[in-house]
Amino acid sequence: MIEATQDKLAEARFFLGHMQEEAARVMRQKPEAFGHYLSAFITAARSVPWVLVCEQQEKYLAWRATWDAAKTDEEWELEKFTNERRLDETKRTGAET
């Protein structure tokens, strides 16, 4: 039904797990690893809704309006923040870590 969306969500979770592991390390053999995982995570996470709209456009559009109306200011700020980090990573010079 929404297999591609579930796969994209699993991809985001995969990179989030690697970020958490990197953040917990006392000594890092590859200091750039966290930034690479952040880039992959934010790109995968922000693409989940786009994949979902491709798989279930009618249902997604009906659901999205209700969801947007219920979002708190904090949730709007988080969405804006993550989109800005995605733009930093994919179209600018990279997100600061």
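Do the conditions hold for PHE41, that is, is it within 21 Å of PHE81 (Cα to Cα) and either over 9 Å from the mean Cα position of the chain (by Cα) or loosely packed, with under 15 Cβ neighbours inside 10 Å (or both)?
no
Please state which of the following conditions GLU55 fails to meet, knowing it meets all the rest: (1) of a type outside the set (Phe, Trp, Tyr); (2) closer than 20 Å to ARG86 by Cα; (3) modelled with pLDDT of 95 or more.
(2)
Can you tell me which residues in the range 66-97 are at pLDDT below 90 and either exposed (fewer than 12 other Cβ atoms within 10 Å of the Cβ) or outside any helix (DSSP H, G or I) (or both)?
LYS91, ARG92, THR93, GLY94, ALA95, GLU96, THR97
Listed here are the residues, each with its yes/no results for (1) in contact with a helix residue (DSSP H, G or I) (Cβ under 8 Å, 6 or more places away or on another chain); (2) closer than 25 Å to GLU3 by Cβ.
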site: ALA40; (1), (2): yes, yes
site: GLU58; (1), (2): no, yes
site: THR72; (1), (2): no, no
site: TRP76; (1), (2): no, no
site: GLU84; (1), (2): no, no
site: ARG92; (1), (2): no, no
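In the range 1-44, which residue that is in contact with an Asp or Glu (Cβ under 9 Å, 6 or more places away or on another chain) and aliphatic (A, V, I, L, M) is modelled with the lowest pLDDT?
Within the range 1-44, the match that is modelled with the lowest pLDDT is MET1.
Just to be sure, is GLU58 surrounded by fewer than 12 Cβ atoms within 10 Å (Cβ to Cβ), of a type outside the set (Val, Ile, Thr) and outside any helix (DSSP H, G or I)?
Spelling it out, it is not the case that GLU58 is surrounded by fewer than 12 Cβ atoms within 10 Å (Cβ to Cβ), of a type outside the set (Val, Ile, Thr) and outside any helix (DSSP H, G or I).
From the list VAL26, VAL48, pick out the single residue that is surrounded by 11 or more Cβ atoms within 10 Å (Cβ to Cβ), farther than 19 Å from ALA95 by Cα and either aliphatic (A, V, I, L, M) or out of contact with any His (no Cβ under 6 Å at 6 or more places or on another chain) (or both).
Of the residues listed, the single one that is surrounded by 11 or more Cβ atoms within 10 Å (Cβ to Cβ), farther than 19 Å from ALA95 by Cα and either aliphatic (A, V, I, L, M) or out of contact with any His (no Cβ under 6 Å at 6 or more places or on another chain) (or both) is VAL48.
Hey, could you check the range 44-97 for residues that are among the β-branched types (Val, Ile, Thr) and closer than 22 Å to GLU32 by Cα and say which is nearest to the chain's Cα centre (by Cα)?
Here the residue is THR82.
Take GLN20 and decide whether it is under 23 Å from ASP88 (Cα atoms), exposed (fewer than 15 other Cβ atoms within 10 Å of the Cβ) and among the polar types (S, T, N, Q).
yes
Can you list residue pairs whose Cβ atoms sit under 8 Å apart, with the first residue in the range 1-23 being on the phi < 0 side of the Ramachandran plot and in a helix (DSSP H, G or I) and the second being acidic (Asp, Glu) and at pLDDT 95 or above? Count only pairs 6 or more apart in sequence or on different chains.
GLU3/GLU55; ALA4/GLU55; THR5/GLU55
The values are calculated or read from the model by the stated rules, or taken from the named source; none is laboratory data. From a predicted model like this one, the values you see are computed outputs, not experimental measurements. Don't worry about glycine lacking a Cβ; one is built from the backbone with ideal geometry, like all the others, and counts go over all protein chains shown.
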